[in-house]
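**Q** What follows is a structure written as structure tokens; I'll ask about it next.
The values are calculated or read from the model by the stated rules, or taken from the named source; none is laboratory data. Given the structure is predicted, the values throughout are model-derived calculations rather than measurements. Glycine also receives a Cβ, built like all others from the backbone with ideal geometry; neighbour counts cover every protein chain displayed. We work out accessible area using only protein heavy atoms, side chains counted, and drop any ligands, DNA or RNA first. Shrake-Rupley method; radii C 1.70, N 1.55, O 1.52, S 1.80 Å.
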Amino acid sequence: MRVSGKYKPLTGRLAALAAAGREAVEFDFAEVSEVVDGLPPTAYDTRPWWANSGSSQGRSWRDADWHVARVDFERRRVRFERGPAPAGPRRPGSSRQAVALEVETDAADLDVRVRVTWQRAGQVRLDGSGALVFPTLPRLPGVYRISLTNAPRQATPLVYVGEADDLRRRLYGYRRPGAGQQTNLRLHGELQAHLANGGQATVAVATTATVEASGTSSPLPLARKTARVLAEHAALALIYLDGNAVVINRDKGAD
């Protein structure tokens with residue numbers, strides 16, 4: 001089945017590289033997006049989107065006799081190599097039959113609802129020296145959301161959600177990241193590049209939340225890390241489900 005439509009230009013681009021003798025090539029996500037006139041949000045944070053499968057995008061590189069060899073979501077780069085994808089190694093014990101799973105009748109079903117109310121804190125900006133300046137947040141535990149919007153040619157917002165025992169201190173870490181603080185360094189660079197390109201970055205926080213279980217609602221104690229992580233992941237899950245923004249958190253399940 002030959003690829004057609006949206007991803008056909010990518011087939012042509014890769015075929016031209018093959019004709020020029022290239023055996024491997026790396027693209028920024030932005031380059032691929034320009035070639036195919038826009039990538040969906042799932043391309044930015046979901047490894048299966050780049051699978052060497054029968055999907056329309058997968059056929060676009062397979063029909064040109066290329067395969068995706070590596071995807072780096074942190075650097076937003078994808079590496080293509082010539083030829084079909086190599087067969088993966090056989091997992092030890094893969095021939096063993098899994099046990100039959102049964103519903104536990106003596107345990108209650110997990111049915112939890114989390115409510116987080118976001119409060120706008122303000123804009124992130126660059127000062128005269130190009131350093132990041134964040135709104136002054138309260139010294140409270142909570143959840144925060146950074147939304148990157150309105151950059152030239154940006155079609156979809158970028159969103160980062162995190163949690164902290166001290167919101168003000170956490171955002172200060174993005175202003176002056178340490179040499180070994182990979183997340184701080186990544187967000188620092190992401191924000192600086194976005195703002196320097198004319199985009200906007202907005203911070204919202206939640207310092208209170210509620211949890212409902214078994215029909216009973218109660219405050220979620222955000223002073224506890226497990227409670228903050230629950231609120232953080234609930235917020236991320238909703239963004240994933242809505243599909244209206246690209247999550248730039250490092251999702252290990254998508255690596």
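**Q** Using +1 on the beta carbon of Lys and Arg, -1 on that of Asp and Glu, and nothing else charged, what's the dipole of the chain about the Cα centre, debye to 20?
**A** So the dipole magnitude of the chain works out to roughly 620 debye.
**Q** Given R₀ = 30 Å, FRET efficiency for Ala100-Arg79 by Cβ-Cβ distance, to 0.05?
**A** After rounding, the FRET efficiency stands at 0.15.
**Q** So, one more: Tell me whether the chain comes out rounded, prolate or oblate; compute the Cα gyration tensor, take square roots of the eigenvalues as a ≥ b ≥ c, and use a/c under 1.5 as the rounded threshold.
**A** Oblate.
**Q** If you don't mind, there's one more thing I want to ask. Would you compute the Debye intensity of segment 52-171 from its alpha-carbon atoms alone, equal scatterers and no solvent, and pass along log10 I(q)/I(0) at q = 0.16, 0.21 Å⁻¹ to two decimals?
**A** Values returned for q = 0.16, 0.21 Å⁻¹ are -0.99, -1.21.
**Q** For segment 5-13, in order, what is each residue's ³J(HN,Hα) by Karplus, 6.51 cos²θ - 1.76 cosθ + 1.60 with θ = phi - 60°, in whole Hz (x at glycine and Pro)?
**A** x, 3, 9, 4, x, 5, 4, x, 5
**Q** Test of understanding: what is the full-extension gain from Thr156 to Leu185, defined as 0.36 nm times their sequence separation minus their Cα-Cα distance?
**A** 8.2 nm
**Q** For segment 1-63, which GluC sites (Glu not before Pro) are in a loop by DSSP, counting at most 13 other Cβ atoms within 10 Å?
**A** Glu23
**Q** Here is a further query. Where the centre of each part is set by its Cα atoms, how far does segment 103-178 sit from segment 179-207, in angstrom?
**A** Result: 10 Å between the Cα centres.
**Q** Provide the gained length on full extension for the span Arg176 to Thr136, in nm with one decimal, where the gain is 0.36 nm per separating residue minus the Cα-Cα distance.
**A** Gain on stretching Arg176 to Thr136: 12.9 nm.
**Q** Could you give the dipole magnitude of segment 106-255 about its Cα centre, charging the beta-carbon of Lys and Arg +1 and that of Asp and Glu -1, in debye to the nearest 20?
**A** Taking the Cα centre of segment 106-255 as origin, the dipole is about 700 debye.
**Q** Let me spell out the model: positive unit charges on the Cβ of Lys and Arg, negative unit charges on the Cβ of Asp and Glu, origin at the Cα centre of segment 153-210. What dipole size does that give, in debye rounded to 20?
**A** In debye, rounded to 20, segment 153-210 gives about 200.
**Q** Next question, about the same structure. Using the Karplus curve 6.51 cos²θ - 1.76 cosθ + 1.60 with θ = phi - 60°, what ³J(HN,Hα) values do you get for each residue of segment 14-25, in whole Hz, with x for Gly and Pro?
**A** Ordered by residue, 3J(HN,Hα) equals 5, 4, 5, 5, 5, 5, 7, x, 6, 9, 7, 7 Hz.
**Q** Further, regarding this structure: Determine the per residue accessible area of segment 60-200 with all protein chains present and a 1.4 angstrom probe, expressed in square angstrom.
**A** Per-residue accessible area for segment 60-200 comes out at 65 Å².
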